[in-house]
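Single-structure report; data block below.
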Amino acid sequence: MQFRDHHDKTRYVNRMFGRIASRYDWGNRVLSLGRDQSWRRRAVDMLDPTPDHWVLDVGAGTGDLSLYLARRAGAVVALDFSQRMMGIGVGKAATSGVQDRVCFVAADALRLPFADDSFDGTAVAFTIRNFVSLDDGLAEIHRVLRPGGRLVCLEFTRPPSSLLNWLYQPYLKYLVPLIGGGISGDRDAYRYLAASINAFPVAEELAGAMRDAGFMKVEWRYLNMATVAIHVTHKDASPVPQPQAGTPS
Ligand SMILES: C[S@@+](CC[C@H](N)C(=O)[O-])C[C@H]1O[C@@H](n2cnc3c(N)ncnc32)[C@H](O)[C@@H]1O
């Protein structure tokens, strides 16, 4: 899938999620054979938020991850640039009774409207792959995370085993657009999903990008026959050394 420039991809992704918003959750349940919510719960366990934590959910969409986070964190900021996806999330938060602890914010994840070191933890599920610049997105997440704060990233990946990857490709190429398109009425959106998984760095490369953005001790674990990965890492807690007065620079 080709995009003219960053603006073209941003507009495509935003409109595409707007189109499929009402069927998005249902598509996830069917395509993952009912497992996607357990992956989100695992990601929340790895973030391990506590009632005094402010947590940012980047690309919160219809709010599934935010709702799990809200059961454990003090407050969750659910950020997304698709109003339609978030509109569904607002309704779900009210139905779940966590609306007091989840605040939905419409913004671009590549220009987060928050001060440096604002959050105790950040979580991002199935979103980072859609960024027009992975490095810029990671830099923004790093900036708003407080020193010592944790990032958990749940994302599709490709199995490191070439045999498993070979078996995975027909699922991506044929079944994902067929099933996802059948549920949402938008086959193009699920062709984009398959193409974006193949275009995205594999788990080890994503770990490298996180280290380049300044994150420490990046670890990951595979789920679902290594087609999904959860990365966990944190921002360095040690203070940045300031030059002493009179020290030559
Ligand atoms: C695949 S959905 C994931 C939603 C949710 N995190 C989940 O677990 O189901 C990706 C979401 O990221 C949002 N998104 C993608 N790029 C974004 C960006 N640059 N800024 C804000 N939201 C973005 C989309 O609008 C969409 O709602």
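Of all beta bridges DSSP finds with both residues in the chain, what is the antiparallel percent, to the nearest 5?
40
For Leu151, what residues show an amide H to amide H distance below 5 Å, using hydrogens built from the backbone and excluding near sequence neighbours?
Here the answer is Thr122, Thr233, His234, Lys235, since their amide H atoms fall under 5 Å of that of Leu151.
Is the C-alpha gyration tensor of the range 75-127 telling us rounded, prolate or oblate? Criteria: a/c under 1.5 is rounded; beyond that, a/b larger than b/c is prolate, otherwise oblate. Can you show the working numbers first?
Details: a/c = 2.05, a/b = 1.37, b/c = 1.50.
Oblate.
Could you pull out every residue, at least 5 positions away or on a different chain, whose amide H is within less than 5 Å of the one on Val132? Hs are placed 1.01 Å off N in the peptide plane, and Pro or chain starts have none.
Long-range HN contacts for Val132: none found.
Evaluate the Debye formula for the chain with equal point scatterers sitting on the alpha carbons, no solvent, and hand back log10 of I(q)/I(0) at q = 0.09, 0.12, 0.16, 0.17 Å⁻¹, in q order, two decimals.
With one equal scatterer per Cα and no solvent, log10 I(q)/I(0) is -0.38, -0.68, -1.22, -1.39.
Which order do peptides 29-36, 71-78, 199-206, 225-232 fall in by mean Cβ count within 10 Å, highest first?
Result, highest mean Cβ count within 10 Å first: 71-78, 225-232, 199-206, 29-36.
Could you work out what % of the accessible surface of the range 11-68 is carbon and sulfur, using a 1.4 angstrom probe and leaving DNA, RNA and ligands out of the count? Before the final figure, lay out the partial values.
Numbers: 1330 of 2540 Å².
Taking all protein chains in place, the range 11-68 shows 52 percent carbon and sulfur surface.
Helix-only estimate, please: 222 nm mean residue ellipticity of the chain, summing -39500 (n - 2.57) across DSSP H runs of length 4 or more and dividing by its residues, to the nearest 500.
-14000 deg cm²/dmol
Can you list the aspartates and glutamates whose alpha carbon sits under 17 Å from that of Lys235, skipping same-chain ones fewer than 8 residues off?
Asp48, Asp57, Asp116, Asp117, Asp120, Asp135, Asp136, Glu140, Asp212, Glu219
With a 1.4 Å probe and all protein chains left in place, how much accessible area per residue does the chain have, in Å²?
49
The values are calculated or read from the model by the stated rules, or taken from the named source; none is laboratory data. Predicted model, so just to flag it, every value in this text is computed and none were measured. Note: ideal-geometry Cβ built from the backbone for every residue, glycine included; neighbour counts use all protein chains shown. SASA here: full protein model, heavy atoms, side chains in, ligands and nucleic acids out. Shrake-Rupley method; radii C 1.70, N 1.55, O 1.52, S 1.80 Å.
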